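All remarks here apply to the structure that follows.
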Amino acid sequence: MHLPSHRPVRRTAARPEVCAQLLGEHIRTARLRDGRPLEEIAPLAALTVPEWEAIEAGQVPDTWEQVCLIAAALHIGRTWMAWLVKLYAGAGKK
């Protein structure tokens, strides 16, 4: 069975650090699918390249607004956003 490419793989994670890691992985996957260089995308989310890389490595963004800016820069759809909301909340951010 072929899964649509816009749907993230669903995994269950209870611990905040696991949610943070998965959040970063999903952002990285969306960025790689986007195809633009990180140097072009990061400023669109008001981030430096090192800040973006830290998020992809599992550092939780400081605010939900940062996640929204990242999603906007990557043109992330509703399916991905729903998953990012769960991961962000699971990482201990509300």
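Of note:
- In order through region 62-77: 3J(HN,Hα) via Karplus (6.51 cos²θ - 1.76 cosθ + 1.60), integer Hz, x for Gly, Pro: 5, 9, 5, 4, 4, 4, 5, 5, 4, 4, 5, 4, 9, 6, 6, x
- Label-to-label distance, Ala57 versus Arg15, with points set 7 angstrom from Cα along the beta-carbon direction: 1.9 nm.
- Residue order for Leu22, Leu38, fewest other beta carbons within 10 angstrom first, comes to Leu38, Leu22.
- Ranking of Trp80, Trp64 by neighbouring Cβ atoms within 10 Å, starting from the fewest: Trp64, Trp80.
- Compactness ratio for region 16-90: Cα radius of gyration over 2.2 N^0.38 Å (N = residue count) comes to 0.96.
- Taking His75, His26 and counting other C-beta atoms within 10 Å, the order from fewest to most: His75, His26
Values in this text are rule-based calculations from the coordinates and carry no lab data. All of these numbers come straight from a predicted model, not from anything done at the bench. Here Cβ is always computed from backbone atoms with ideal geometry, including for glycine, and neighbour counts include all displayed protein chains.
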